[in-house]
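> There's a structure below that I have some questions on.
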Amino acid sequence: MTSPAGTKPATPYSILIVEDHPLVAKFYRMALERAGGFNCLVTESVAEMLPAVEAGRVHLAILDVSLSGTEWEGRNIDGLELAHLLRAHSPAKLPILLATAHAMSGDRERLLTASGADDYLEKPIYDARYLVEKVLRLLTGNASARQAGNPSPSDPNRASF
Amino acid sequence: VETFIEEMKRYLGFTEGDAALLQMLGPRLEKYLPEMAERFYSQIPFHSNAFRVFTGGEAQISRLKQTLQRWAGGLFSGVYDQAYAEERFQIGYRHVRIGLEQKYVISAMGIVRSFFNDCLLQEVPQMEERLPLAGALGKILDIDLNLMCESYMRATVQNLRSLNEQMERANRQLAEAGHSKDQFLAHISHELRTPLNSILGFSKLILDGLCPNPEEERQLLRDVFASAQHLLGLVNDILDIGRIEAGKLSLQSDEVSLRAILDSTLPLVAIQAAERNLSLIDATAGVALPVVRADEVRLRQVLLNLLSNAVKFTNFGSVTVRALPNEEPEGESGAASPPLIRVEVEDTGIGVPPEKRESVFQKFFQADPSYSRRLGGTGLGLAISRSLVELMGGTIGLQDGKDGRGTLVWFTVPLASHKPSQNPIAITQSAQRRTVRAEQ
C-alpha cells in the first residue's frame, strides 16, 4: 500500500477528472485526494480544463470514454477525442488514464489505440489505493511508482491549482 | 428453348421427313397409349423417393396417366415448334418443384422407349418399313429426354441460386442480430458498471477508513443506497426486456378499474412532484372511468413510468393525467377491434424534439443523455412501456404538449366490455380537476 489509511502524503500532483456521472466523479475525487493526497480538478467543460492543461497545471488526466456534457467546437466529443485534444494543448506529454465502463472483450485495445492513452481502467473502479498506485505509476513513468511517489522539488511540472 | 430444340434437331439429324413419318405412325400406336401409361407408373414402387412425391393416391396417379398419354400423343403430332418445346421443358421444372428426382424420369423414359419399340415390332413387321419409323421415334424421344434433362438442370441451378440468396439473407440477418445482441450486452454491461462503481467505491472508502466524518459517511451511504436502487431498477428492466424479447412475458387479461389504477399510482410520484414544486393534476378526478381489459400490475407499471418521466423532465409547471375515449380509428381493422380508452400524461417540461420522438421508444435511447445521467433512468422504460401497451392490445405515442410546450405521452388500452352504442366515458370541460397532494 502506498500510504496508511487516512494519511495524506504531501504530493502536489494535480489530476484532471473528466467524468459525466456525478457520483463516479465524486468517488475519483475522494479516492485521489484521500488515498493519494492529490489535487483534483473535476470538470466536464473543455473551456475550464484547457487553460489548466495549457499552463502545465495538470499532471495527469483521468477520462471517461462516454461523455455527455463535453463539447468542443459546437459538438459533443467523447473521451477518446478529448485525449487527443488535451495532448495537443499540453506543454509536456500528458499522461492519460482512460476509465470506462466499456468492458467487453476487445474494448481495451480499441480504446487505447483510438485515444493514444497510456493506460486503461475498467469500471467498477472501487479500490482507492489501487487507483492511486495506477496514477502514480503513470506519473513517474516507471514500475517503481511506490518508491517514486513524490516528485522531486525540481520537477518542472510541479504546480498546483 | 427454341434454339435448344433447333440444336437438338440438328444434332440428331431430325428432318421434316422424320416429322412426317411420326405423324403417320401416331394413329397406329394410339391404342397402346393406356398400357404405356400403366407400365410407366408401374415403376413407382422401385423408386422409394417417388412415393414421397406421389402422395395423392390413386386419383393422382390416374390423372398423371392421362397427362402421360397426352404427352405421348404429342410425340406424333408432327408439330415440333416453340409451344411443343415449352410444354415439355416445363415438365422438369414441375418435377424439381415437387422434389421428383431426375433418375426416376430417365429410367421411366427408358421404359416408354422399349415399350414403343415392342409396339412397333407388332404393328410394322417389315423391317425395311419399320427401321425409318423406329429411327424417327428414337430421335423425337431423344429430343424430349434432352429437353427434360435440360430443364431439370436449369431448374436445379435456379433453385440453388435462390437457396443461396436465402442463405445469404439469413446470414446477414443473423450477423445483424448478433451485432445488435452484442451491442445490447455491451450496453447492459456499461449501465450496470456505473452504479456498481458508486456502490463498491463509496462503501470501500468507508471500510478503508478514508471517510472519518460521520456526517459525510451518512451522505456516502445515501449515495450507495441511491445507486443500489438504480441498479435494482436496471436489473428489473433488463429482466423485463429479456422476457419481452424472448416472447416469455405473459400478461394477465383481467378486468381492471382504471380509476383504481390512477388512484394507486399517482401517490407514488406525488412526493417527487412536490419536491420539484410541480402540481400533479388528475383531470379525471370525480369522473367515472371505465373498466379496461389489462394486466393490472403491468398497466400500473406503464403509467408509473410515464408519470416518473414527466416529473423527471419537468422543471416548472405541472404534470397532468387524463383519460378520454380514443377517437382515432385503430388502423384498417379498426372495425373488428374493441373500443379503446386513451390515457394521456402531459407535462410542461423540456419536451422531446420531433426527430427523436420515435427513437425514445428504443432500448437505451435517451434523448438527452446528460439529463438522464443526472436524473437516473435506465433508458429502457419507454421501450418496455411500448411492449407492454402493445401486448395489452393498445398503442403508445408521444407528441407536443397541448399548448406546444412540454411533452404529451399517450397510450390506449381496450375496454373490458364493449357496447358500441355506449359512450365509454364523458369527460366534460367542467370536469372536476384535482391536484394530487403528496401524502407526507
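The values are calculated or read from the model by the stated rules, or taken from the named source; none is laboratory data. Note that the structure is predicted; figures quoted are calculated from it, not measured. Glycine gets a Cβ as well: all are built from the backbone with ideal geometry, and neighbour counts include every protein chain shown.
> Just name the residue that is farthest from B:Asn305 (Cα to Cα) out of those in the stretch B:215-234 that are more than 12 Å from every other protein chain (Cβ to nearest Cβ) and surrounded by 14 or more Cβ atoms within 10 Å (Cβ to Cβ). Write out each step before concluding.
Residues of the stretch B:215-234 that are more than 12 Å from every other protein chain (Cβ to nearest Cβ), as a first pass: B:215, B:218, B:221, B:229, B:232-234.
When the remaining residues are screened for being surrounded by 14 or more Cβ atoms within 10 Å (Cβ to Cβ), the result is B:221, B:233-234.
Values: B:Leu221: 26, B:Gly233: 11, B:Leu234: 13 Å.
Among residues in the stretch B:215-234 that are more than 12 Å from every other protein chain (Cβ to nearest Cβ) and surrounded by 14 or more Cβ atoms within 10 Å (Cβ to Cβ), the one farthest from B:Asn305 (Cα to Cα) is B:Leu221.
> Go through (1) hydroxyl-bearing (Ser, Thr, Tyr); (2) modelled with pLDDT of 90 or more; (3) surrounded by 18 or more Cβ atoms within 10 Å (Cβ to Cβ); (4) closer than 27 Å to A:Leu23 by Cα for A:Tyr130 and report which single condition fails.
(3)
> All but one of (1) buried (at least 16 other Cβ atoms within 10 Å of the Cβ); (2) among the aliphatic types (A, V, I, L, M); (3) within 11 Å of another protein chain (Cβ to nearest Cβ); (4) in a helix (DSSP H, G or I) hold for B:Leu262; state the number of the condition that does not hold.
(3)
> Just to be sure, is A:Ile77 surrounded by fewer than 18 Cβ atoms within 10 Å (Cβ to Cβ) and either touching a His at 6+ places or on another chain (Cβ under 8 Å) or within 14 Å of chain B (Cβ to nearest Cβ) (or both)? Steps first, please.
Details: surrounded by fewer than 18 Cβ atoms within 10 Å (Cβ to Cβ): yes; either touching a His at 6+ places or on another chain (Cβ under 8 Å) or within 14 Å of chain B (Cβ to nearest Cβ) (or both): yes.
Yes; evaluated as a whole, the condition is true for this residue.
> Of everything in the stretch A:65-85 that's part of a helix (DSSP H, G or I) and either touching a residue at least 40 places away in the same chain (Cβ under 8 Å) or out of contact with any helix residue (DSSP H, G or I) (no Cβ under 9 Å at 6 or more places or on another chain) (or both), which residue is farthest from A:Glu122 (Cα to Cα)?
In the first step, residues of the stretch A:65-85 are kept if they are part of a helix (DSSP H, G or I); the result is A:79-85.
Narrowing the set further to residues that are either touching a residue at least 40 places away in the same chain (Cβ under 8 Å) or out of contact with any helix residue (DSSP H, G or I) (no Cβ under 9 Å at 6 or more places or on another chain) (or both) leaves A:79, A:82.
Values: A:Gly79: 14, A:Leu82: 18 Å.
The selected residue is A:Leu82.
> In the stretch B:294-313, how many residues are buried (at least 21 other Cβ atoms within 10 Å of the Cβ) and either more than 37 Å from the chain's Cα centre (by Cα) or not in a helix (DSSP H, G or I) (or both)?
Of the residues in the stretch B:294-313, 2 are buried (at least 21 other Cβ atoms within 10 Å of the Cβ) and either more than 37 Å from the chain's Cα centre (by Cα) or not in a helix (DSSP H, G or I) (or both).
> Here's a follow-up. So which residues in the stretch A:70-87 are within 16 Å of the chain's Cα centre (by Cα) and farther than 22 Å from A:His21 by Cα?
A:Arg87
> Separate question: With the requirement that a residue be assigned to a loop (DSSP other than H, G, I, E, B), within 16 Å of A:Leu98 (Cβ to Cβ) and either away from chain B (no Cβ under 14 Å) or within 12 Å of the chain's Cα centre (by Cα) (or both), what does the stretch A:33-64 give you?
A:Val58
> Does B:Ile91 satisfy the criteria of being within 16 Å of B:Leu141 (Cβ to Cβ), of a type in the set (Val, Ile, Thr) and surrounded by fewer than 16 Cβ atoms within 10 Å (Cβ to Cβ)? Outline the logic, then answer.
Values: within 16 Å of B:Leu141 (Cβ to Cβ): yes; of a type in the set (Val, Ile, Thr): yes; surrounded by fewer than 16 Cβ atoms within 10 Å (Cβ to Cβ): no.
No, not satisfied.
> Scanning the stretch B:235-252 for residues that are surrounded by 13 or more Cβ atoms within 10 Å (Cβ to Cβ) and charged (D, E, K, R), which turns out nearest to A:Lys123 (Cα to Cα)? Break it down stepwise before answering.
In the first step, residues of the stretch B:235-252 are kept if they are surrounded by 13 or more Cβ atoms within 10 Å (Cβ to Cβ); the result is B:235-238, B:240-245, B:249, B:251-252.
If we keep only those that are charged (D, E, K, R) as well, we get B:237, B:240, B:243, B:245.
On the way: B:Asp237: 21, B:Asp240: 25, B:Arg243: 27, B:Glu245: 28 Å.
It comes out as B:Asp237.
> Failed condition for B:Pro325, given (1) at pLDDT 90 or above; (2) touching a Pro at 6+ places or on another chain (Cβ under 6 Å); (3) more than 25 Å from B:Asp240 (Cβ to Cβ), with all others met?
Going through (1) at pLDDT 90 or above; (2) touching a Pro at 6+ places or on another chain (Cβ under 6 Å); (3) more than 25 Å from B:Asp240 (Cβ to Cβ) one by one, B:Pro325 breaks only (1).
> Still on this model: Tell me whether the stretch B:58-79 contains one or more residues that are under 18 Å from B:Val112 (Cα atoms) and over 50 Å from the mean Cα position of the chain (by Cα).
Within the stretch B:58-79, one or more residues are under 18 Å from B:Val112 (Cα atoms) and over 50 Å from the mean Cα position of the chain (by Cα).
> For B:Ser203, state whether it is closer than 30 Å to A:Leu32 by Cβ, polar (S, T, N, Q), within 10 Å of chain A (Cβ to nearest Cβ) and under 42 Å from the mean Cα position of the chain (by Cα).
For B:Ser203, the condition - closer than 30 Å to A:Leu32 by Cβ, polar (S, T, N, Q), within 10 Å of chain A (Cβ to nearest Cβ) and under 42 Å from the mean Cα position of the chain (by Cα) - is not met.
> Report yes if some residue within the stretch B:43-58 is modelled with pLDDT of 80 or more and surrounded by fewer than 18 Cβ atoms within 10 Å (Cβ to Cβ); otherwise report no.
no
> Name the pairs: first residue in the stretch A:10-32 and more than 7 Å from every other protein chain (Cβ to nearest Cβ), second residue assigned to a helix (DSSP H, G or I) and among the hydroxyl-bearing types (Ser, Thr, Tyr), Cβ to Cβ under 7 Å, at least 6 apart or on different chains?
A:Ile17/A:Tyr28; A:Glu19/A:Tyr28
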